[in-house]
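The values are calculated or read from the model by the stated rules, or taken from the named source; none is laboratory data. The structure presented is a predicted model; accordingly, all values stated were derived computationally and were not measured. Please note: Cβ atoms are built from the backbone with ideal geometry, for glycine as well, and neighbour counts cover all protein chains shown.
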Amino acid sequence: MQAGCSRQQINTNDVVHLSHKNECMAYPYQLTSLEQYKADYKKSVEDPEGFWSGVAEHFQWRKKWDTVLNWNFKEPKVEWFAGAKLNITENCIDRHLATLGEKPAIIWEPNNPEERVRVVTYNRLHKRVCQVAQMLKNNGVKKGDRVCIYMGMVPELAYAVLGCARIGAIHSVIFGGFSAQSIADRLDDAKAEYIITCDGAYRGGKDIPLKSVIDDALIGNKTVKKVIVYTRTRTPVSMIKGRDIWWEDEMDIAEDQVEKNGVVTFPAEEMDAEDPLFILYTSGSTGKPKGVVHSSAGYMVWTTYTFVNVFQYKPGAIHFCTADIGWITGHSYIVYGPLCAGATSMMFEGIPTWPDAGRFWDIIDKHKVNILYTAPTAIRSLMSFGLEPLQGKDLSSLTTLGTVGEPINEEAWHWYDENIGKKKCPIVDTWWQTETGGCLISNFAGITPAKPSWATLPMPGVQPVLVDEKGEEVTEKDEHGITKGNLCIKAPWPSILRTTYGDHERCRTNYFATYENLYFTGDGALRDEQGNYRITGRVDDVLNVSGHRIGTAEVENAINMHAGVVESAVVGYPHDVKGQGIYAYVIYNGHHGDDNLRRQDILLTVTRIIGPIAKPDKIQFVSGLPKTRSGKIMRRILRKIAEGETENLGDTTTLLDPGVVDEIKNGKL
Ligand code: WT7
């Protein structure tokens, strides 16, 4: 076969016509009342092993566990369901085939509304995942190997993720907005040997040349042996002999191997409960992203349990999580949680504002979506277009709304409630993190009460505590009955991160060493007298920009790469749509005279080093930075100035050069 010829093939097999709704399949662990929540919460704290083994009974195991939980936060070491054998894809796919085989697992809505929708049934998903697993095996991928996945939001991305899980390879999905340099660092850290990518990806009006970014990332790489390329955009690509192969060709070969007389099989690898399922890189307060590692069994139980309970999923309902699979939200609530629950998961390739700001509402109307799970930043951005994009859109299929990624302000909450949910749909505000694997604090739709801008109550099994700087538990209440502190969790829940890839000590120092015997979230929080939590934002040097986590040190490193930059300091400031914007103070010594040109150059540098998501919104050139005599940058002052505060900057007398503060204040953008 000539290289590239299979790019002509378009896969038409993934279209089926849907007949009837799913027959009823109950979830024995689905809570149905506030009283039951309280009872289960109590049980989960008093007898976590009894509680979680009761939930885990309802999954498919090759062999059940010897012990439910072993843990200590000192090392840290956490094991859930140790001794059990399973494969998560048998839970996501195989066990549904007899009852849900012809029901939709994934409904894919393309970027371009004119393009054909693809409906992937559980049977079809099974076949595709078996093919991917076979394709990976044919190319030498084995259990434990790291496979980096850098693709757009096409169904093949879900097949790739599940195909890895089927053979026990550890996937590491990298969001399509990261730069070649970011990918190179991650490939290196994970010592990845395989990559699955696309020629390009469509996002709104843009066509992103993913394969070409991968080619740049691979310059100097020593570990990657094969790159599998799926055709999406027909963007010209350079295929390197011996390294790069076409997905379509390989899937054709695999098809003949997995399908005999119409029967599809590919035996799933038997995994230990604690075998790693995936690595997902996330930013922290240091310059280098961490590879958060999740295990197989605990992650499976938690994502499914929380999916079914938080959203109160009912069989047959269509769940639309608008995140990208490149982030944890997509892993847990587009792929693993919904599929384990036998749900129908909507997957959207595009963006909320293209071709116009009615795109979400069109999708909901067209597919009769029941659950919409999105980010506050998307809600605020859509709010800014007014109500016109909602005209003529039938949203009556919606039963449940959700938000994730950042605190939701009350204005956005009410807009969502009134205009999207028509005051009939409960809104779940789900607080969690890449490290937590799934929701930890959230109301349960229609079961436990919502409180605008509050994430509310902990899931069963989650024991939050608020501590002060010294790690002492805070219990005092202010005059409104509010307790305030740094948010920690006392004991492990099944999907807590197990390590940071290749560096367990880093996991310990980052999450388990700040406060003894506690998992530290990095967030500040309030608690009211009813026990509801409100997350107030990060208390470390991590920004949350449009729901994406970015470390200030990482952005500073990128800015400092620019030849003309001497030093920089990055802080967050309140941004109407993004939640937080990125404000950079830069000392520049280059010869370029024009500020705007310098800014463009710096933005280009940041885009090259991290990706467009880390571009500063504001760059202020300064002659110095406020530093203590020991040389530490006083970020508190810079943060206040960026926030527009000019008066109460606190004590500046300990600064090396107090004069610099006035200069910075006067030059504020
Ligand atoms: C950080 C985690 C969880 C998936 C998406 C982000 C913030 C997340 C909420 C919420 C207030 C929230 C926290 C957290 N955050 N959800 N409902 N209310 N803040 O995952 O990139 O790992 O970021 O996002 O600050 O620590 P992530």
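Exactly one residue out of 619, 633 is modelled with pLDDT of 95 or more and either under 25 Å from residue 288 (Cβ atoms) or of a type in the set (D, E, K, R) (or both), and it is 619. Among the residues of region 587-603, is any crowded, with 21+ Cβ neighbours inside 10 Å and closer than 19 Å to residue 406 by Cβ? No, region 587-603 contains no residue that is crowded, with 21+ Cβ neighbours inside 10 Å and closer than 19 Å to residue 406 by Cβ.
Return the only residue of 360, 348 being among the aromatic types (Phe, Trp, Tyr), touching an Asp or Glu at 6+ places or on another chain (Cβ under 8 Å) and away from the ligand (no atom under 16 Å from the Cβ). First the steps, then the outcome.
On the way: 360 fails: touching an Asp or Glu at 6+ places or on another chain (Cβ under 8 Å).
Answer to the selection: 348.
Does residue 529 satisfy being part of a helix (DSSP H, G or I) and away from the ligand (no atom under 16 Å from the Cβ)? No; evaluated as a whole, the condition is false for this residue. Consider residue 66 carefully, then state whether it is in contact with a Gly (Cβ under 6 Å, 6 or more places away or on another chain) and at pLDDT 95 or above. Yes, satisfied.
Looking at the structure I just gave you, is residue 391 at pLDDT 95 or above and within 19 Å of residue 547 (Cβ to Cβ)? Even if it seems obvious, please write down each step before you answer.
On the way: at pLDDT 95 or above: yes; within 19 Å of residue 547 (Cβ to Cβ): no.
The answer is no for residue 391.
Residues that are among the charged types (D, E, K, R) and surrounded by fewer than 19 Cβ atoms within 10 Å (Cβ to Cβ) within region 378-405 comprise 388, 393, 394, listed in sequence order. Those helices (runs of 4 or more DSSP H) of region 36-148 in which at least 1 residues are touching a Ser or Thr at 6+ places or on another chain (Cβ under 7 Å), considering only elements entirely within it, cover 48-56, 88-92, 122-138.
Taking the criterion of being within 16 Å of the ligand (Cβ to nearest atom) and not in a strand (DSSP E or B), the residues of region 398-409 that qualify are 405, 406, 407, 408, 409. Among the residues of region 502-518, the ones that are among the hydrophobic types (A, V, I, L, M, F, W, C), surrounded by fewer than 21 Cβ atoms within 10 Å (Cβ to Cβ) and assigned to a helix (DSSP H, G or I) come to 1 in all.
Rundown of residues vs (1) closer than 24 Å to residue 314 by Cα; (2) away from the ligand (no atom under 15 Å from the Cβ), yes/no style:
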residue: 396; (1), (2): yes, yes
residue: 418; (1), (2): yes, yes
residue: 421; (1), (2): yes, yes
residue: 456; (1), (2): yes, no
residue: 471; (1), (2): no, yes
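Restricting attention to region 278-292, the residues being modelled with pLDDT of 95 or more and crowded, with 22+ Cβ neighbours inside 10 Å number 7.
Which of the following residues is surrounded by fewer than 19 Cβ atoms within 10 Å (Cβ to Cβ), near the ligand (Cβ under 9 Å from one of its atoms), of a type in the set (Ser, Thr, Tyr) and in a strand (DSSP E or B): 536, 521? It would help to see each step written out before you state the result.
Details: 521 fails: surrounded by fewer than 19 Cβ atoms within 10 Å (Cβ to Cβ).
Checking each option against the conditions leaves just 536.
Restricting attention to region 348-391, the residues that are more than 23 Å from residue 201 (Cα to Cα) and assigned to a loop (DSSP other than H, G, I, E, B) add up to 8. Would it be correct to say that residue 316 is within 16 Å of the ligand (Cβ to nearest atom) and at positive phi? Criteria not met by residue 316.
If you scan region 552-582, which residues turn out to be polar (S, T, N, Q) and under 17 Å from residue 287 (Cα atoms)? Please lay out each step first, then the result.
Taking region 552-582 first, the residues polar (S, T, N, Q) are 552, 557, 560, 568, 580.
Those that are polar (S, T, N, Q) and under 17 Å from residue 287 (Cα atoms): 552, 557, 560, 568.
Which pairs turn up if I take residues in region 107-129 that are of a type in the set (Val, Ile, Thr) and surrounded by fewer than 18 Cβ atoms within 10 Å (Cβ to Cβ) and look for partners that are at pLDDT 95 or above and in a loop (DSSP other than H, G, I, E, B) with beta carbon separation below 8 Å, at least 6 apart in sequence or on another chain? Close Cβ pairs (under 8 Å, with a partner that is at pLDDT 95 or above and in a loop (DSSP other than H, G, I, E, B)) amount to 117/110.
Does residue 525 satisfy the criteria of being closer than 23 Å to residue 432 by Cβ, in contact with a strand residue (DSSP E or B) (Cβ under 9 Å, 6 or more places away or on another chain) and of a type in the set (A, V, I, L, M, F, W, C)? Yes; evaluated as a whole, the condition is true for this residue.
Tell me whether region 555-567 contains one or more residues that are of a type in the set (Asp, Glu), at pLDDT 95 or above and over 21 Å from residue 330 (Cβ atoms). Among the residues of region 555-567, at least one is of a type in the set (Asp, Glu), at pLDDT 95 or above and over 21 Å from residue 330 (Cβ atoms), which makes the answer yes. Only a single item in (1) within 16 Å of residue 376 (Cα to Cα); (2) near the ligand (Cβ under 9 Å from one of its atoms); (3) β-branched (Val, Ile, Thr) is not met by residue 441, and it is number (1).
Can you confirm whether region 427-435 contains a residue that is within 13 Å of the ligand (Cβ to nearest atom), assigned to a loop (DSSP other than H, G, I, E, B) and aliphatic (A, V, I, L, M)? Before the answer, list the steps.
First pass over region 427-435, keeping only residues within 13 Å of the ligand (Cβ to nearest atom): 427-435.
Filter once more, so that each one left must be assigned to a loop (DSSP other than H, G, I, E, B): 432-433.
Checking the rest, the ones that are also aliphatic (A, V, I, L, M) come to none.
Taking every residue of region 427-435 in turn, none turns out to be within 13 Å of the ligand (Cβ to nearest atom), assigned to a loop (DSSP other than H, G, I, E, B) and aliphatic (A, V, I, L, M).
Which one is surrounded by the fewest Cβ atoms within 10 Å (Cβ to Cβ) among residues in region 53-74 that are touching a helix residue (DSSP H, G or I) at 6+ places or on another chain (Cβ under 7 Å) and in contact (Cβ under 8 Å) with a residue 40 or more places away in the chain? Working first, answer last.
Just the residues of region 53-74 that are touching a helix residue (DSSP H, G or I) at 6+ places or on another chain (Cβ under 7 Å), to begin with: 55-56, 59-60, 68-69, 73.
Okay, now just the ones that are also in contact (Cβ under 8 Å) with a residue 40 or more places away in the chain, so 55-56, 59, 69, 73.
Working: 55: 21, 56: 25, 59: 20, 69: 18, 73: 21.
Checking each candidate, the answer is 69.
Scanning region 450-461 for residues that are in contact (Cβ under 8 Å) with a residue 60 or more places away in the chain and either crowded, with 22+ Cβ neighbours inside 10 Å or in a loop (DSSP other than H, G, I, E, B) (or both) returns 453, 454, 455, 456, 457, 458, 459, 460, 461. Only residues that are among the aliphatic types (A, V, I, L, M) and surrounded by 24 or more Cβ atoms within 10 Å (Cβ to Cβ): list them for region 482-501, please. Scanning region 482-501 gives 487, 496, 497.
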